[in-house]
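Below you'll find the structure, written out as structure tokens, and then a few comments.
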Amino acid sequence: MHDARQIATPADWRSGSDVIIPPSISDEEAKPLFPQGWTTLRPYLRTTRVD
């Protein structure tokens with residue numbers, strides 16, 4: 001977990017791959033944090049890319 005960016009990464013994560021937006025962050029809270037948007041795979045699983 002990366003608290004400063006408020007993201008989570010899988011154990012095999014590589015730079016440039018999608019990251020996970022923790023379910024503790026609501027969609028409303030996520031909008032300003034991830035203006036590039038995200039993909040909702042399940043109600044509890046959202047992914048996005050960060051630079």
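What follows draws every value from the coordinates through simple rules; no lab data is involved. Note that this is a predicted model, so its numbers are computed, not measured. Here the Cβ is made from the backbone with ideal geometry for all residues, glycine too, and neighbour counts use every protein chain on show.
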**Prompt:** Once every DSSP H run of n ≥ 4 in the chain is given -39500 (n - 2.57) and the sum is divided by its residues, what mean residue ellipticity at 222 nm do you get, rounded to the nearest 500 deg cm²/dmol?
**Reply:** -3500 deg cm²/dmol
**Message:** Explain nothing, just the number: dipole magnitude of the chain about its Cα centre with +1 on each Lys and Arg Cβ and -1 on each Asp and Glu Cβ, in debye rounded to the nearest 20.
**Reply:** 120
**Asked** Just one of (i) -0.56, -1.04, -1.03; (ii) -0.30, -1.02, -1.29; (iii) -0.36, -0.94, -1.10 is log10 I(q)/I(0) by the Debye sum over Cα atoms at q = 0.14, 0.25, 0.28 Å⁻¹ as worked out from the coordinates here. Which one is it?
**Response** (ii)
